[in-house]
Amino acid sequence: MLIAFGLTFVFSLAYMILLRLCAKVIIWVTFIATVAFIIIIGILLFSKSGSGEVDDGNKLTYKVFAIICWSVALIILLIVFCICEDVQLGIAIIEAAATFTFSNCVVILVPIVMIIVTCSYIVYWLVCTLYIYSIGNITQYGRTPFPSIEWESSTTNLWYYQLLALVWIVAFLLAIEQFTIAATTVQWYFSSSSDQGGTGSVCKSIWWAIRYHLGSLAFGSFIVTIVTLIRFIFEYMRKKVEKRGATNRFTKCLLACASCCLKCIGQFVLWITKNAYVQVAIRSVCFCSAARHAFRLVLRNVARFTIVNVFVGVFTLFGKLLVGLANAFLCWFILNNWTEMKENIYSPLMPTIGCFVIGYIVADVLLSTYDLSAAAVLQSFLIDEETDGVRGKNRPASLEGFISNLRQSTSGYEKI
């Protein structure tokens, strides 16, 4: 398990190198394979409709599904053809993010350190909560040996305060992590072609967070806390209502719709806060202004944000699976070829599954850095592009060819 945990870092860095060198090839091969697969499915369905094994009633159905497959493939080709430049930009953003992560490997340690700090705080919170829980009149719970504690109103309020503090501080630590990675990426982006050669200081980013933007990070995390607590309270009340036998289908449908809406709001708040922290790092403004700038920037570049988010999501998922499977294969190989281990275990199945889980979770933590850096590179590039490249004269060389004047194309968005 320890070997798998250590090699996860090696596999993750190797995956970053793979993205840096082969991202364009991987994307285009995946796209061509997907379109070809859909076309082949359509051909098989159409050929099935002409065979004698299918009755006359189902031949039309097979033909309709074949035409639908070909139509989907044609639509995908047309969409990619129309936004080919944005697709190429998305690939360049992916490569730039991989280059940043690999050339500034210390930034990978940021989420790991934050996880350690968060776990330490949670342990401290649990100890304090146990002390608070024990405040009150202790009585025996029926005939069992377990106690029952009756709280006063002040103790109840203190418990609610503790719960609020837990969610807020955890969200605040996450905000510091996201801002640190974003600020380091921004430093790297605007110094890539300078004498510094693309450097980003994690220590400087942390200093920026503590010295200049602590209030913005606290406010953003407070919004996340409020939305999270609202969802928690609603789900608690929903379980209570369902437990008391609310069999009305309309009530269940209404509760499910409300839960879905709250979940969407929660995801939107997490998304807007992440992009707002990037804007805070770039523009050095307060949280509200940063959120407004981020939202307007997304509206002006919906296609680019969508493409980059899809690419990053696919590569992140593929990377987590790849690292997990590599760990699992290594564990299986060791347990089947190491004689001492092979003779003392019943089956290598559970250790192999455990190594896969370790690799998947650790890769998820490490590749979150890649996700944030891609978002920061994209926003830095778009701001650089909209300012005619005056402020971004030291941008990465891989993105130099994509800089263009947006005054004509964005004239319709000036009122947004």
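If you filter region 113-129 down to residues that are β-branched (Val, Ile, Thr) and in contact with a Leu (Cβ under 8 Å, 6 or more places away or on another chain), you find that the one that is farthest from PHE9 (Cα to Cα) is ILE122. Being modelled with pLDDT of 90 or more, touching a helix residue (DSSP H, G or I) at 6+ places or on another chain (Cβ under 6 Å) and of a type outside the set (Val, Ile, Thr) holds for only one residue in TRP125, TRP70, and it is TRP125.
The values are calculated or read from the model by the stated rules, or taken from the named source; none is laboratory data. Being a predicted model, the structure only gives us computed values, none of them experimental. A quick note on method: Cβ atoms are made from the backbone with ideal geometry, for glycine too, and the neighbour counts reach across all protein chains shown.
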